[in-house]
Amino acid sequence: GQSSAEGVKLLEATSSKALLEVEGKRKELGMGQGATVAGGAGSAPASVTLYADSEGHYFTEGQINGVTLKLLVDTGATTIAMNSGDAKLANIDYKKGERVAMQTASGLVNGYHVVINTLKLGSLVMNQVDAVVLDGGFPSYVLLGMAALNRMEMKREGIALTLTKKY
């Protein structure tokens, strides 16, 4: 709480979370959650930096159609994949999507191809992103696959993964 860097002040930290003050607003980050770097007109492209958890996975909170959901960076996934409950929360009428068969690590499953209107990771915003919705509770969090990741430059340094919007 004594000093700040680039408008960010650490107020409190435990082994599972940190309480920050960013530009006068308090923000709590759990282990593995990312800190954002704003990108606006006349500045560098929007980016977000994520930090690996103890198992090396990059989890973050993001917004799909304005609804906050837990996401996992998954370079092995062709598209964004989400369960039907998350799709309903994000106001996606997935049953109107094209029915598709998908090969997953768990085997062949049926899903519905949809297009997400808005995907937001910190200050990074993408529109019209392909996704697949699977009936039921799998996956338990949204898999951020290559349909979104291909629109970003990915740079990894140690446990930090910085995603920067290309277009």
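The values are calculated or read from the model by the stated rules, or taken from the named source; none is laboratory data. Please read all numbers here as calculations on a predicted model, not as lab measurements. Note: ideal-geometry Cβ built from the backbone for every residue, glycine included; neighbour counts use all protein chains shown. With ligands, DNA and RNA removed, areas are computed over all heavy atoms of the protein, side chains included. Shrake-Rupley method; radii C 1.70, N 1.55, O 1.52, S 1.80 Å.
For the stretch 86-98, 3J(HN,Hα) computed residue by residue from phi via the Karplus equation (6.51, -1.76, 1.60; θ = phi - 60°) reads 5, 4, 5, 4, 8, 6, 9, 7, 5, 5, 7, x, 6 Hz, glycine and proline entered as x.
Heavy-atom accessible area for residue 135, with the other protein chains in place and a 1.4 Å probe, reaches approximately 80 Å². Using the alpha carbons alone, the radius of gyration of the stretch 110-167 stands to its Kirkwood radius in an Rg to Rh ratio of 1.01.
A Förster radius of 35 Å combined with the Cβ-Cβ distance from residue 11 to residue 155 puts the calculated FRET efficiency at roughly 0.75. Take the convex hull of the alpha carbons in the stretch 86-134; its mean projected area over all directions comes to 4.0 nm². In this structure residue 61 has an accessible area near 100 Å², from a 1.4 Å probe over the protein heavy atoms. Backbone phi angles across the stretch 144-151, fed through the Karplus curve with coefficients 6.51, -1.76 and 1.60 (θ = phi - 60°), yield HN-Hα couplings of 8, x, 5, 4, 8, 5, 5, 8 Hz in residue order; Gly and Pro are listed as x. Residues 141, 112 ordered from highest to lowest accessible area at a 1.4 Å probe: 141, 112. In terms of the mean number of neighbouring beta-carbon atoms within 10 Å, the peptides 80-90, 156-166 order highest first as 80-90, 156-166. Separation of the stretch 140-167 from the stretch 68-93 is 15 Å, based on Cα centroids. Within the stretch 44-167, the percentage of alpha carbon pairs spaced more than 16 angstrom apart rounds to 59%.
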